[in-house]
There are 2 protein chains.
Amino acid sequence: MADTALADAEKGSGQDANVVRVDLGERSYDIKIGRGLLATAGADIASVLPGARLAVVADETVARLHLRDFTKSLNAAGLEHSVIVVPPGESTKCFSEFERLCDEILAAKLERGDAVVALGGGVVGDLTGFAASAVRRGMAFIQVPTTLLAQVDSSVGGKTGINSRHGKNLIGAFHQPALVLADTAILDTLSLREFRAGYAEVAKYGLLGDADFFAWLETNWQAVFAGSSEREEAVARSCQAKADVVAADERESGRRALLNLGHTFGHALESAVSYETERLVHGEGVSIGMMLAHEFSERLGLLDEETTMRVRRHLTDVGLPVRTGEIPGQLPPAETLMDIIAQDKKVSRGALTFILTRGIGEAFVEKGVDPAQVLDFLKEKLAG
Amino acid sequence: MADTALADAEKGSGQDANVVRVDLGERSYDIKIGRGLLATAGADIASVLPGARLAVVADETVARLHLRDFTKSLNAAGLEHSVIVVPPGESTKCFSEFERLCDEILAAKLERGDAVVALGGGVVGDLTGFAASAVRRGMAFIQVPTTLLAQVDSSVGGKTGINSRHGKNLIGAFHQPALVLADTAILDTLSLREFRAGYAEVAKYGLLGDADFFAWLETNWQAVFAGSSEREEAVARSCQAKADVVAADERESGRRALLNLGHTFGHALESAVSYETERLVHGEGVSIGMMLAHEFSERLGLLDEETTMRVRRHLTDVGLPVRTGEIPGQLPPAETLMDIIAQDKKVSRGALTFILTRGIGEAFVEKGVDPAQVLDFLKEKLAG
């Protein structure tokens, strides 16, 4: 991916916007990134799906903050729409909300050629995308991600889904959107903690495959947080990086696994705190998980200490946690974390698969990791 | 499609079997058709998915009749499996059974490379296929259809789904199986009424695009019912006909609509009797619907009277209903049927789409049918 990742700028709807093309044959689509896109969202949607009627899904929080601006722009573009409000929070990604949402989309009497719009973060995007995939076996779907995490991660790649009592995201579909509109001005309404958590995924793209981007982030991260034009660039490069991986491997059989850098450890930590977001949100888990992946790679002799320190320094600079000890409260013992890792959906036929790294931008998939070595490593880290 | 539809015979698992290849690129799969295939199903599945663990889904009725033979063949092939039994009947195609089935598939701890098997008719196939599509965003799926209708219709094309309170099959996915095993001996356990209902779809393939097949059925239908080798041939030619259409149009944007011959009227009648199967089963609705489609085509001057009579004669010969008057009990007025048709999911942006015909094997999609003409026609038919 690397340097070519810089997205083209184009004149769109009266302002400058970056556009990242996700190349998936007949399922290809654009991600448009820019400040204030919400105001012109209606025109952008109308240009992709002329005459479509829309069902707009938002949670209560996002509805309060952004729904008026969004529907105003739909009205300005002459797009008929109905609004479906869902409760905020991860517990919304459940079967009963899925059923309710499917029913409400059908009640809105959308026909083929109409579309379902997710206005919100990852929860609303995942739930709405799955409902859009299932209603009439596939309605057109538009994403308007309102968190940094959703803009750089869940809005690219078509993964949708809900949680089951057996685990998170275990029920869902691959369903590509027809358009993604990432308004970076919306991110000013996020808490610093939530912005930082999304930034962990931004840093991940540098760490997994783009050393130049990581170096650029080391220099420019303050501007990204402040909301200067560097923010659009960071979002666009992240989307481009993910789009490149997804285009090469839409159904996650190989290279796409690289996107899980930091996620095996991170998910285990999230699960270990029962997904209590007061203690740990996803991006924080990913940050600690990425740090552990680098330290474990160093332990295996794949990585030098200086590189590990450089990664630790940047994550610490932006305010992300890098050690399990930074998680408030007690953690379970290393054995319990190992059990969680072994049950993780990325385990294939008993072998442990990890994303390891040989340097910044040089992550790779290692399918034959020795569980005993991981256990020893975790014991030490939890003790430290 | 036509004459080339005759499937190749091949030596498989120790008996003769017809194999129809459904050509969908990397999602291509075989439909194997033959008497007694259940006994060798394990070996056939193992050859497609070596080492897979299976979750076998069946309803109570099919489990009682066929599960022992099926699991015996799985054991013989060394395939680990668990069994999930669901209630029989259309009401099983609901959100709560979907949730329960997804949970049970996850509880069976299937990994990638394992598979979900539907052993049953259309209800079990549709529900199980949708669950297979959704669990981990897509598990491998195997169909062992146990009704004639499922063998010639729902086992080809990848449509899966459940019902919503807004209508049937409105929630689902396109999810292609890895293998379909159609044991024609199993059909001997069907009631004559159920066999006939499936036969309506067999006749449909002749009527929509293969005059030779229809003529062959006129000569050989008794042997098809009796269970001679003509039954395999009829199933194979039907599957091939549907496979040809589906291969040309997997997502139902154009030609696939031809498969709806008789279904617009048929669905309206099913809905009008509230899907009470004592009064009307799907195939009977299709039979009357096909007859109405021919009569309406004749009314529009597209078809001569003789052809309509020939179709009526064959459907009557096999014992299928051809007139709305054959449905026990009262039907609603024509206006109500029109309302149902207008709400039908095949309606696109207000225009009425019908499958009409210019002769046996010459059906076509007509998108601009005048609702007033349909209403007049229905009034007359309901009065007659």
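The values are calculated or read from the model by the stated rules, or taken from the named source; none is laboratory data. Small disclaimer: the values here were computed from a predicted structure and weren't measured. Backbone-built Cβ (ideal geometry, glycine too); neighbour counts: all protein chains shown. Note: areas computed on protein heavy atoms with side chains; ligands, DNA, RNA excluded. Shrake-Rupley method; radii C 1.70, N 1.55, O 1.52, S 1.80 Å.
General remarks:
- The residue list B:A182, B:A178 contains one member that is surrounded by 24 or more Cβ atoms within 10 Å (Cβ to Cβ), of a type outside the set (V, I, T) and more than 8 Å from chain A (Cβ to nearest Cβ), which is B:A182.
- Meets criteria (farther than 30 Å from A:A107 by Cα, in a loop (DSSP other than H, G, I, E, B), open to solvent by 10 Å² or more (accessible area, probe 1.4 Å) and away from every other protein chain (no Cβ under 14 Å)) for B:G113: no
- Residues within region B:90-108 that are without any contact (Cβ under 8 Å) to a residue 60 or more places away in the chain, charged (D, E, K, R) and more than 9 Å from chain A (Cβ to nearest Cβ), tallied: 2
- Residue in region B:52-59 that is touching a residue at least 60 places away in the same chain (Cβ under 8 Å), assigned to a helix (DSSP H, G or I) and more than 20 Å from B:F130 (Cβ to Cβ) present: no
- When every residue of region A:195-205 is checked against the conditions, at least one turns out to be within 16 Å of the chain's Cα centre (by Cα), surrounded by fewer than 23 Cβ atoms within 10 Å (Cβ to Cβ) and outside any strand (DSSP E or B).
- From the options B:G319, B:G301, residue that is touching a residue at least 12 places away in the same chain (Cβ under 8 Å), open to solvent by less than 70 Å² (accessible area, probe 1.4 Å) and either out of contact with any strand residue (DSSP E or B) (no Cβ under 7 Å at 6 or more places or on another chain) or among the basic types (K, R) (or both): B:G319
- Qualifying residue in region B:240-249 (condition: farther than 25 Å from A:R136 by Cβ and open to solvent by 20 Å² or more (accessible area, probe 1.4 Å)): yes
- Filtering region B:305-316 to residues that are touching a residue at least 12 places away in the same chain (Cβ under 8 Å) and open to solvent by 70 Å² or more (accessible area, probe 1.4 Å) leaves B:R310, B:R312.
- Criterion (touching a residue at least 60 places away in the same chain (Cβ under 8 Å) and farther than 14 Å from B:L181 by Cα) met by exactly one of B:L65, B:L38: B:L65
- Across region A:126-143, the number of residues qualifying as more than 14 Å from chain B (Cβ to nearest Cβ) and open to solvent by 10 Å² or more (accessible area, probe 1.4 Å) comes to 1.
- The criterion of being of a type in the set (K, R), within 14 Å of another protein chain (Cβ to nearest Cβ), touching a residue at least 40 places away in the same chain (Cβ under 8 Å) and closer than 20 Å to B:G289 by Cβ does not hold for B:K159.
Residues checked against (1) touching a residue at least 40 places away in the same chain (Cβ under 8 Å); (2) of a type in the set (D, E); (3) away from chain A (no Cβ under 14 Å); (4) open to solvent by 10 Å² or more (accessible area, probe 1.4 Å):
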{"residue": "B:G266", "(1), (2), (3), (4)": "no, no, yes, no"}
{"residue": "B:L269", "(1), (2), (3), (4)": "yes, no, yes, no"}
{"residue": "B:V273", "(1), (2), (3), (4)": "yes, no, yes, no"}
{"residue": "B:M290", "(1), (2), (3), (4)": "yes, no, yes, no"}
{"residue": "B:L331", "(1), (2), (3), (4)": "yes, no, yes, yes"}
{"residue": "B:F364", "(1), (2), (3), (4)": "yes, no, yes, yes"}
{"residue": "B:G384", "(1), (2), (3), (4)": "yes, no, yes, yes"}
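- Test for B:F195: is it of a type in the set (F, W, Y) and within 14 Å of another protein chain (Cβ to nearest Cβ): no
- With respect to the conditions (1) modelled with pLDDT under 95; (2) open to solvent by 60 Å² or more (accessible area, probe 1.4 Å); (3) under 24 Å from A:L149 (Cβ atoms), A:G89 falls short on a single one, namely (2).
- Some residue of region B:43-64 being more than 30 Å from A:A342 (Cβ to Cβ), within 14 Å of chain A (Cβ to nearest Cβ) and not small (G, A, S): no
- Test for A:A234: is it open to solvent by less than 20 Å² (accessible area, probe 1.4 Å), within 14 Å of another protein chain (Cβ to nearest Cβ) and either within 14 Å of the chain's Cα centre (by Cα) or in contact (Cβ under 8 Å) with a residue 24 or more places away in the chain (or both): no
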